[in-house]
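Enquirer: Before I ask anything, let me first share the structure, which is written out below as C-alpha cells.
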Amino acid sequence: MTRNQSLAFRTILFLLGGGVVALAFFLNTSGKFLTNEAIFTWLSICVMYLMFFIPIFFSTINIANFSGKIPSLSIMWMGIIGYIIASIIVILLLSNAVISLNNAVVGQVALLFLFAVCLFLAFFASSHVREISEEERKKTQFITGLKARAQVLSLSASNLPAEYEAAKTATLRTLEEIKYLSPVNGFEGFDLEFKIMDSLNVISDICDSIAADAQSVSSVSLEREAKKLQTLVKERKLLIN
C-alpha cells in the first residue's frame with residue numbers, strides 16, 4: 001500500500017467512525033431537550049473518539065522506523081486506553097447522579113492533563129530512541145570508514161619493495177585484523193578508533209613516499225608505525241559492549 005493509499009484509507013475510516021458517532025447522537029437526541037449532563041456526555045464521547053483515532057491517523061509504521069516508534073506508541077496507547085476507561089467511569093457516575101456535573105468536568109480536565117503528561121513521556125521516549133539510533137549509526141559509519149581505509153591501504157602495502165618485507169607483513173596482518181572490529185560504547189573506543197585512523201594515514205603517507213622514492217625512506221619508520229598500529233588494534237579488540 002502506497003502512502004497516498006494509506007492516507008486515503010485512514011481518512012475514510014475516520015469519516016466512517018465520525019459518521020457512526022453522529023448517527024448515534026441524532027438517534028438518541030432527536031426531538032429531545034439536551035441537558036447539560038447530556039451535552040457533557042456527548043462531548044466526552046467525541047473526545048474519546050478523537051483520542052482513539054488520531055494516533056492511527058498520524059502514526060505510520062514501516063520496517064525502517066518500526067523499532068523506533070514502538071516505545072512511544074506503546075506509552076501513547078496506554079494513555080489513550082486509560083483515558084477512555086476513566087472517562088467512561090466518569091460518564092457512568094454522572095448519569096447515575098453519583099457525582100455532580102462540576103465534578104465530572106473537573107475529572108475530565110484532570111484526565112486530559114494526565115493524558116498530556118503521557119504524551120510528553122511518549123515524545124521523550126521517541127526522542128531517546130532517535131538519539132540512541134543516531135549514535136549507533138555514527139559508530140557503525142566510522143567503523144565502516146575505518147575498514148574501507150584499511151582495505152585501500154592494504155593494496156598500497158602489498159606493493160612495497162622487498163626490502164620492506166618485515167614491515168609489510170606486520171602491516172598487512174594488522175590491516176586484516178581491522179576487518180573484524182565491531183562498534184562499542186564509550187569514549188575509550190572512540191579515542192582508539194581515531195588513533196587507529198591517524199596511524200593508517202601515517203602509514204599511507206609512508207607508503208606513498210616509498211612508492212615515489214624508495215631510497216629516501218627508511219624501513220625503520222614503517223616498522224615503528226606498523227607496531228604502533230598493531231598495539232592500537234589489539235587494545236581496541238579488547239573492548240566489548
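Enquirer: Among the residues of the stretch 103-131, what is the count of those that are polar (S, T, N, Q), at pLDDT 90 or above and over 19 Å from Leu50 (Cβ atoms)?
Expert: 1
Enquirer: For the subset of the stretch 7-60 comprising residues that are of a type in the set (Ser, Thr, Tyr) and surrounded by 12 or more Cβ atoms within 10 Å (Cβ to Cβ), which member is modelled with the lowest pLDDT?
Expert: Here the residue is Thr60.
The values are calculated or read from the model by the stated rules, or taken from the named source; none is laboratory data. Computed from a predicted model, the values in this text were never measured in an experiment. Neighbour counts are summed over all protein chains in view; Cβ atoms, including those assigned to glycine, are modelled from backbone coordinates with ideal geometry.
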